[in-house]
1. Test Thr179 against the stated conditions and say whether it is under 26 Å from Ala331 (Cβ atoms) and β-branched (Val, Ile, Thr).
2. Is it true that Ile295 is among the β-branched types (Val, Ile, Thr), buried (at least 19 other Cβ atoms within 10 Å of the Cβ), closer than 30 Å to Gly190 by Cβ and in contact (Cβ under 8 Å) with a residue 24 or more places away in the chain?
3. Kindly check whether there is at least one residue in the range 107-121 that is surrounded by 18 or more Cβ atoms within 10 Å (Cβ to Cβ), at pLDDT 95 or above, over 30 Å from Leu386 (Cα atoms) and under 22 Å from the mean Cα position of the chain (by Cα).
4. Picking from Arg261, Arg219, Arg270, which residue would you name as being basic (Lys, Arg) and either in contact with a strand residue (DSSP E or B) (Cβ under 9 Å, 6 or more places away or on another chain) or within 28 Å of Ala194 (Cα to Cα) (or both)?
5. Residues being crowded, with 22+ Cβ neighbours inside 10 Å and of a type in the set (A, V, I, L, M): count how many of those fall in the range 160-175.
6. What tally of residues in the range 134-159 results from selecting those that are under 11 Å from the mean Cα position of the chain (by Cα) and surrounded by fewer than 24 Cβ atoms within 10 Å (Cβ to Cβ)?
7. With respect to His97, is the statement that it is touching a residue at least 40 places away in the same chain (Cβ under 8 Å) and crowded, with 24+ Cβ neighbours inside 10 Å true?
8. Among the residues of the range 233-248, are any of a type outside the set (Asp, Glu), out of contact with any strand residue (DSSP E or B) (no Cβ under 7 Å at 6 or more places or on another chain) and at positive phi?
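The values are calculated or read from the model by the stated rules, or taken from the named source; none is laboratory data. On a predicted model such as this, the values are computed, not experimentally measured, just so you know. Heads up, the Cβs are rebuilt from the backbone with ideal geometry, glycines too, and the neighbour counts pull from every protein chain shown.
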Amino acid sequence: MSMVPAEIIERMVNIRRDLHEHPELSGQELRTATQIAAALVQLGIPFQQGVAGTGLVAELPGPTEHGVVALRADMDALPIVEETGLPFASRNHGVMHACGHDGHVAMLLGAAEMLAALPQRPAAIRFIFQPAEEVGSGAKQMVAEGVLKGVRLIFGAHLDRHYPTGTVAISDGVVNASTDMFRIAITGQGGHAARPHEGIDAVVVGSLLITALQTIVSREMNPAFPSVVTVGRFMAGTAANVIAGTAVLEGTIRAQHPHVRQHLKRSLRRIAESVGQLHAAGVEVSFADGTPAVINTPWCAEVARAAARTALGPEHVVPLHTANMGGEDFAYFLEQVPGCYLRVGAQATGREGFPAHSSKFDFDEAALAVGAAWFRAVALEAGRRLPELPPA
């Protein structure tokens with residue numbers, strides 16, 4: 001982008017490639033944190049390390065009477081063997097930046113450099129470098145440790161190969177789904193495969209249950225509210241000629257609205273227990289709550305759009321195609337303060353792309369300047385508009 005100096009773009013590309021070459025798993029981002037700290041020292045921006053384990057929080061001074069504007073980037077990698085063939089591919093075998101978090105860090109550092117160069121800012125700006133997004137715990141821990149103290153607005157961005165480089169996708173309301181996990185333990189009665197009448201077959205009960213669970217979305221949910229029930233694991237049996245006495249089903253439920261999330265849980269439990277009773281099998285259902293849905297505050301989404309129009313031009317601001325059924329722990333920040341989470345287009349026209357979390361995932365590095373320009377613009381736009389923030 002023309003508003004990002006060439007030397008800053010070069011530094012962003014360099015740190016992105018360095019982090020990509022040395023990826024670290026959630027909660028283990030020690031070298032990553034060291035590199036971010038070194039960059040902040042060079043910029044003269046005060047910061048605190050060791051937040052939520054390996055996270056960092058930095059802040060540029062400015063008026064605080066109406067609150068602080070926060071910008072967030074996640075920094076962890078995934079347990080994937082990289083197959084991109086890039087000259088800066090991962091040296092840490094089995095770990096890969098396959099979701100663009102290396103780019104997110106680079107974009108936020110680029111924005112921080114541009115904002116630090118300003119003689120004054122309309123509000124104090126806090127930079128949150130968050131660990132452990134991929135396991136859904138980093139943002140929650142950072143909130144618990146007080147990183148939002150004094151914050152009135154928060155903004156975040158994710159590189160996205162579904163949109164052309166140069167664009168940003170912004171929408172009001174839901175942009176990511178909640179991500180709860182479930183476990184169903186089935187207790188039947190084992191026996192000889194040749195005498196099924198003497199046992200209670202946990203494989204049969206589990207199979208019927210998998211099919212029955214599909215009716216929750218197809219027959220109980222309003223089609224206007226997207227939702228997912230997926231059984232990802234079915235564990236049962238020890239031998240081909242033995243009726244399995246126990247089985248375990250594990251899976252995930254995804255919803256974009258809190259009332260749908262609760263409906264899915266109630267229905268899953270009801271159906272599981274009913275199928276168990278039908279076949280005289282014991283059934284125990286448990287849930288592990290994941291991240292909530294990411295729901296943009298409409299006022300903040302408009303601030304984000306205004307900033308994008310200023311930084312990129314109105315023709316480069318598009319609506320989100322559809323809300324993502326994947327999870328994002330930025331939701332924990334939005335539960336506490338208003339904010340907006342958007343997508344930064346990172347797929348150049350004609351370039352073959354691979355999805356996030358793929359071993360061949362990569363993005364167009366020209367998107368780094370786009371993201372940095374927007375981060376800078378939204379920090380200033382939000383700071384100017386803080387006095388207009390509607391009451392909660």
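1. Values: under 26 Å from Ala331 (Cβ atoms): yes; β-branched (Val, Ile, Thr): yes.
Taking the combined requirement at face value, the residue satisfies it.
2. Values: among the β-branched types (Val, Ile, Thr): yes; buried (at least 19 other Cβ atoms within 10 Å of the Cβ): yes; closer than 30 Å to Gly190 by Cβ: no; in contact (Cβ under 8 Å) with a residue 24 or more places away in the chain: yes.
Here the answer is no, as Ile295 does not meet what is asked.
3. no
4. That would be Arg261, the only listed residue that is basic (Lys, Arg) and either in contact with a strand residue (DSSP E or B) (Cβ under 9 Å, 6 or more places away or on another chain) or within 28 Å of Ala194 (Cα to Cα) (or both).
5. Count: 3.
6. Of the residues in the range 134-159, 4 are under 11 Å from the mean Cα position of the chain (by Cα) and surrounded by fewer than 24 Cβ atoms within 10 Å (Cβ to Cβ).
7. yes
8. Yes; the residues of the range 233-248 include at least one that is of a type outside the set (Asp, Glu), out of contact with any strand residue (DSSP E or B) (no Cβ under 7 Å at 6 or more places or on another chain) and at positive phi.
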